[in-house]
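Peer 1: For reference, the structure I am asking about is given below.
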């Protein structure tokens, strides 16, 4: 397994499976009004660093850091293919996103994830990485289906 993580365009056609799975997972048990993922095209905008994890040439994971303030960023669209989970890839992607945020001079990194049981593994991953629950941040309001987390870099 040769895993690489690098900035890429979210519009690359070979990312269709990743985005399809991500969208399906977000809609699986979350009401539409509580889905806060960005449309794929929006991930290509200025102020967003989009990273792709590949095993050789195959895309197996993705994630983005969106600048939401002068020194504050948000993790968006982090996803690893279900059949590749349990290999430590999500931790590697999260580490890369945290490093990218630090390289961009951000001092704080936040995220929104689901409150449902299906997001328990993600919440545990973030907690192990030093993220702690917080209130809603930039652009969010209270939502019973959301858990907000943050950490200083």
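The values are calculated or read from the model by the stated rules, or taken from the named source; none is laboratory data. This one's a predicted model, so the numbers in the text were calculated from it and none came from an experiment. Cβ: placed from backbone, ideal geometry, glycine included. Neighbour counts: every protein chain shown.
Peer 1: Determine whether residue 51 is farther than 26 Å from residue 152 by Cβ and under 14 Å from the mean Cα position of the chain (by Cα).
Peer 2: It is false that residue 51 is farther than 26 Å from residue 152 by Cβ and under 14 Å from the mean Cα position of the chain (by Cα).
Peer 1: Could you tell me how many of the residues in the range 93-122 are part of a loop (DSSP other than H, G, I, E, B) and more than 20 Å from residue 32 (Cβ to Cβ)? Give the steps one after another, and end with the answer.
Peer 2: Let us first name the residues in the range 93-122 that are part of a loop (DSSP other than H, G, I, E, B), namely 104-107, 115-116.
Among the residues that remain, those that are also more than 20 Å from residue 32 (Cβ to Cβ) are: 104-107.
Summing the residues that are part of a loop (DSSP other than H, G, I, E, B) and more than 20 Å from residue 32 (Cβ to Cβ) in the range 93-122 gives 4.
Peer 1: A further question follows. Within the set of pairs 6+ apart or on separate chains, which have a first residue in the range 74-102 that is on the phi > 0 side of the Ramachandran plot, a second that is surrounded by fewer than 21 Cβ atoms within 10 Å (Cβ to Cβ) and not in a helix (DSSP H, G or I), and C-beta atoms under 7 Å apart?
Peer 2: Matching pairs, first to second residue: 77/37; 77/38.
Peer 1: What do you reckon, is residue 51 surrounded by 14 or more Cβ atoms within 10 Å (Cβ to Cβ), modelled with pLDDT of 95 or more and more than 20 Å from residue 19 (Cβ to Cβ)?
Peer 2: no
Peer 1: Just give me the residues in the range 97-114 being under 20 Å from residue 19 (Cα atoms) and surrounded by fewer than 22 Cβ atoms within 10 Å (Cβ to Cβ), in sequence order. Full working, then the answer.
Peer 2: Initial filter on the range 97-114 (under 20 Å from residue 19 (Cα atoms)): 97, 111-114.
Passing the criteria: 112, 113.
Peer 1: Taking the criterion of being farther than 21 Å from residue 140 by Cα, under 13 Å from the mean Cα position of the chain (by Cα) and either in contact (Cβ under 8 Å) with a residue 40 or more places away in the chain or buried (at least 16 other Cβ atoms within 10 Å of the Cβ) (or both), would at least one residue in the range 55-64 satisfy it? Break it down stepwise before answering.
Peer 2: Of all residues in the range 55-64, those farther than 21 Å from residue 140 by Cα come to 55-62.
Narrowing the set further to residues that are under 13 Å from the mean Cα position of the chain (by Cα) leaves 61-62.
From what is left, the residues that are either in contact (Cβ under 8 Å) with a residue 40 or more places away in the chain or buried (at least 16 other Cβ atoms within 10 Å of the Cβ) (or both) are 61-62.
Yes - at least one qualifying residue is present in the range 55-64.
Peer 1: Kindly list the number of the only condition in (1) in a strand (DSSP E or B); (2) under 23 Å from residue 25 (Cα atoms); (3) at pLDDT 95 or above that fails for residue 77.
Peer 2: Status for residue 77: all satisfied but (3).
Peer 1: Report yes if some residue within the range 6-21 is part of a strand (DSSP E or B) and either at negative phi or in contact (Cβ under 8 Å) with a residue 12 or more places away in the chain (or both); otherwise report no.
Peer 2: There is at least one residue in the range 6-21 that is part of a strand (DSSP E or B) and either at negative phi or in contact (Cβ under 8 Å) with a residue 12 or more places away in the chain (or both).
Peer 1: Out of all the residues in the range 70-83, which are surrounded by fewer than 17 Cβ atoms within 10 Å (Cβ to Cβ) and either within 13 Å of residue 126 (Cβ to Cβ) or in contact with a strand residue (DSSP E or B) (Cβ under 8 Å, 6 or more places away or on another chain) (or both)?
Peer 2: The answer is 71, and nothing else.
Peer 1: Here is a follow-up. Could you please find all residues in the range 123-153 being surrounded by 14 or more Cβ atoms within 10 Å (Cβ to Cβ) and part of a loop (DSSP other than H, G, I, E, B)?
Peer 2: Hits for the range 123-153 are 129, 131, 137, 140, 143, 145, 153.
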